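Okay, so here's the structure we're looking at.
The values are calculated or read from the model by the stated rules, or taken from the named source; none is laboratory data. Since the model is a prediction, treat every value here as computed from it, not as a measurement. Note: ideal-geometry Cβ built from the backbone for every residue, glycine included; neighbour counts use all protein chains shown. Just the protein is used for accessible areas: all its heavy atoms, side chains included, with ligands, DNA and RNA removed. Shrake-Rupley method; radii C 1.70, N 1.55, O 1.52, S 1.80 Å.
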Amino acid sequence: MAQGPAGTITMMALESTRINLEQLNAALSRTQRLAGIGTLTASVAHELTNPISIITNTCHNLLSQVADDNLSVDELLHYIQMIDQSAWRCARLVQTLRTYTHIDNPQVEPCDLNKMIEDSLTLVAYQFRRQFNVEIETELAPDLTSLRCDPNQITQVLVNLLTNARDAMHALGGTVHITSWAVPEEGAVAFAVRDSGAGIPPELLDRIFEPFFTTKPAGLGTGLGLSIAAGIVQQHHGRITAENNPDGGATFTVILPTGR
Ligand SMILES: Nc1ncnc2c1ncn2[C@@H]1O[C@H](COP(=O)(O)OP(=O)(O)O)[C@@H](O)[C@H]1O
Ligand SMILES: [Mg+2]
């Protein structure tokens, strides 16, 4: 009951260490997000070239066929649909980038887990295609819309796990498998990112979530991806685990209480 001055000072010191760690964590999270924005912007810019060239080519065809008075209603409808679809794809890409780069305080809102998985795949698609022969498979349970979370942060967790899966791939490429499912007995939803890469050396399994722990060459790894992912999952009162697959590669599983 009696707490002497020494105890009070220790408590205060602990409290201020906790605050400093929280601030440091927030700063690291922002730094990594900012570092990622450059790469993501390049990816999105690249992804935009396809739909934009579809739009410009279609407009060009339309103009010349109109000039030649050689355009049926069916063709006109087809062209309009192509322009419409491509314009929506552009809008979606830009929206995804805007969502990801939003650095405000966590905004908890009702979210669709599968949509966040699709957004994260859009964000990493270019990196995956450019460097490796990697197949992406998804197995998503329907109706995972009951989750309350910060969609930017959960998308960041997914991007970090997908980037690691890509880095772990052998030179010949491989498969990244993303699964989502409901865990009704826990009032939770879950997702897993499984890769067919090199796997995690068993003696390192305990260390990979530590800040700055990396086995990648300088300049390639920051060692922050998993610690930030774990921090975000913890903020959402969830769990993240890593294990090696019996047939090679690793699986990262995230379980998130829906918060409802
Ligand atoms: N999918 C994976 N397969 C094998 N090892 C992994 C995988 N994901 C993470 N790791 C290991 O965990 C370490 C820490 O990952 P992370 O925190 O994302 O930092 P970084 O990717 O910058 O190294 C990696 O350097 C790697 O050794
Ligand atoms: Mg990483």
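Table: residues versus (1) outside any helix (DSSP H, G or I); (2) closer than 30 Å to Q95 by Cα; (3) at pLDDT 70 or above.
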| residue | (1), (2), (3) |
| --- | --- |
| L14 | no, no, no |
| A27 | no, yes, yes |
| R33 | no, yes, no |
| V44 | no, yes, yes |
| I52 | no, yes, yes |
| I55 | no, yes, yes |
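Does the range 233-258 hold any residues that are buried (at least 16 other Cβ atoms within 10 Å of the Cβ) and part of a loop (DSSP other than H, G, I, E, B), and which are they? If you could, list the steps in order and put the result at the bottom.
We begin by selecting, within the range 233-258, every residue buried (at least 16 other Cβ atoms within 10 Å of the Cβ); these are 233, 236, 238-240, 242, 249-258.
Matches in the range 233-258: H236, G238, G249, T258.
Taking the criterion of being closer than 20 Å to I136 by Cα, assigned to a loop (DSSP other than H, G, I, E, B), near ligand 1 (Cβ under 7 Å from one of its atoms) and in contact (Cβ under 8 Å) with a residue 40 or more places away in the chain, would at least one residue in the range 223-230 satisfy it?
Looking through the range 223-230, none of the residues is closer than 20 Å to I136 by Cα, assigned to a loop (DSSP other than H, G, I, E, B), near ligand 1 (Cβ under 7 Å from one of its atoms) and in contact (Cβ under 8 Å) with a residue 40 or more places away in the chain.
Which is touching a strand residue (DSSP E or B) at 6+ places or on another chain (Cβ under 9 Å) and assigned by TED's automatic domain parsing to the domain that holds Q127, of L158, L204, L172?
Just a single option satisfies the conditions, and that option is L158.
Can you tell me which condition L113 does not meet? The list is (1) in the same structural domain as I232 (by TED's automatic domain parsing); (2) at pLDDT below 90, and all the others hold.
All conditions are met except number (2).
Based on this model, can you work out whether A192 counts as more than 13 Å from ligand 1 (Cβ to nearest atom) and open to solvent by less than 70 Å² (accessible area, probe 1.4 Å)?
Answer is no for this residue.
Check whether at least one residue in the range 176-183 is out of contact with any strand residue (DSSP E or B) (no Cβ under 6 Å at 6 or more places or on another chain) and either more than 15 Å from ligand 1 (Cβ to nearest atom) or assigned by TED's automatic domain parsing to the domain that holds G231 (or both), and report yes or no.
Here is the first cut: in the range 176-183, the residues out of contact with any strand residue (DSSP E or B) (no Cβ under 6 Å at 6 or more places or on another chain) are none.
There is no residue in the range 176-183 that is out of contact with any strand residue (DSSP E or B) (no Cβ under 6 Å at 6 or more places or on another chain) and either more than 15 Å from ligand 1 (Cβ to nearest atom) or assigned by TED's automatic domain parsing to the domain that holds G231 (or both).
Does E139 meet the test of being open to solvent by 30 Å² or more (accessible area, probe 1.4 Å) and assigned to a strand (DSSP E or B)?
Details: open to solvent by 30 Å² or more (accessible area, probe 1.4 Å): yes; assigned to a strand (DSSP E or B): yes.
Criteria met by E139.
Can you report the number of residues in the range 154-184 which are away from ligand 2 (no atom under 16 Å from the Cβ) and either touching a helix residue (DSSP H, G or I) at 6+ places or on another chain (Cβ under 8 Å) or among the basic types (K, R) (or both)?
3
Restricting to the range 151-160, name every residue that is farther than 10 Å from S120 by Cα and modelled with pLDDT of 90 or more.
P151
Say we look at the range 202-222 and pick out the residues that are within 6 Å of ligand 1 (Cβ to nearest atom) and in contact with an Asp or Glu (Cβ under 9 Å, 6 or more places away or on another chain); which of these is nearest to R148 (Cα to Cα)?
Going through the qualifying residues, I end up with G221.
Out of the residues in the range 185-243 meeting the condition of being hydroxyl-bearing (S, T, Y) and away from ligand 2 (no atom under 12 Å from the Cβ), tell me which one is nearest to P106 (Cα to Cα). Steps first, answer last, please.
Restricting attention to the range 185-243, the residues satisfying the condition of being hydroxyl-bearing (S, T, Y) are 196, 214-215, 222, 227, 241.
Among the residues that remain, those that are also away from ligand 2 (no atom under 12 Å from the Cβ) are: 196, 241.
Numbers: S196: 33, T241: 23 Å.
Of everything passing the filter in the range 185-243, T241 is nearest to P106 (Cα to Cα).
Output the number of the condition that N70 fails; it satisfies all remaining conditions of (1) assigned to a helix (DSSP H, G or I); (2) over 22 Å from T122 (Cα atoms).
For N70, the exception is condition (1).
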